[in-house]
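Colleague: One structure is given below, represented as C-alpha cells, and several questions about it will come after.
The values are calculated or read from the model by the stated rules, or taken from the named source; none is laboratory data. Keep in mind it's a predicted model, so treat the numbers as computed, not measured. Here Cβ is always computed from backbone atoms with ideal geometry, including for glycine, and neighbour counts include all displayed protein chains.
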Amino acid sequence: MNTDSVPVRDLVSVPAAEVIASTAVHLMSAAAVKCGLAEDGAEHLDLDEARKLITALAGLVTAARPDLGVHAGPLRDGLQTLQRAFREASPIPDEPGEGPGEKLTGRV
C-alpha cells in the first residue's frame, strides 16, 4: 500500500471508529448526490450508482456497528434517510425489503 499521501504517523493516532465513520460519511455524501439531493439534484440523479453506494454503506454500518460507539446512531439514521430518499426518487419503487441495503439493515 502506498502511504505517500497519508503519513503513517497520522494514521497511527486515529481510532478505527473515526476512520470507519469518515468512510461512511464519504459514501453518504456520494449517495445523496446520486439520489438527487444535491443543490442541482436532477442533474446528478443516477439511481443505479446510488443503489451501489447505499448498499456499500449499509454493509459498512451494519458490520461496524458494535465498534462505532457514538457514531453508530447518526450513521444508521443517515443510512435510513438515504434509503427512503432512494425509494422516493425511484419511478418504480422496490418491493419492501428489496431496496438498497435492506437485505443488510431490514425493511425501511
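Here's the yes/no breakdown for (1) closer than 13 Å to Gly78 by Cβ; (2) modelled with pLDDT of 95 or more; (3) touching a Gly at 6+ places or on another chain (Cβ under 8 Å); (4) of a type in the set (D, E, K, R):
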| site | (1), (2), (3), (4) |
| --- | --- |
| Pro7 | no, no, no, no |
| Ala16 | no, no, no, no |
| His26 | yes, yes, no, no |
| Ala38 | no, no, no, no |
| Glu43 | no, no, no, yes |
| Ile54 | yes, yes, yes, no |
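Colleague: Test Pro91 against the criterion of being in a loop (DSSP other than H, G, I, E, B) and of a type outside the set (A, V, I, L, M), and give yes or no. Quick ask: steps written out before the conclusion?
Modeller: Numbers: in a loop (DSSP other than H, G, I, E, B): yes; of a type outside the set (A, V, I, L, M): yes.
Yes.
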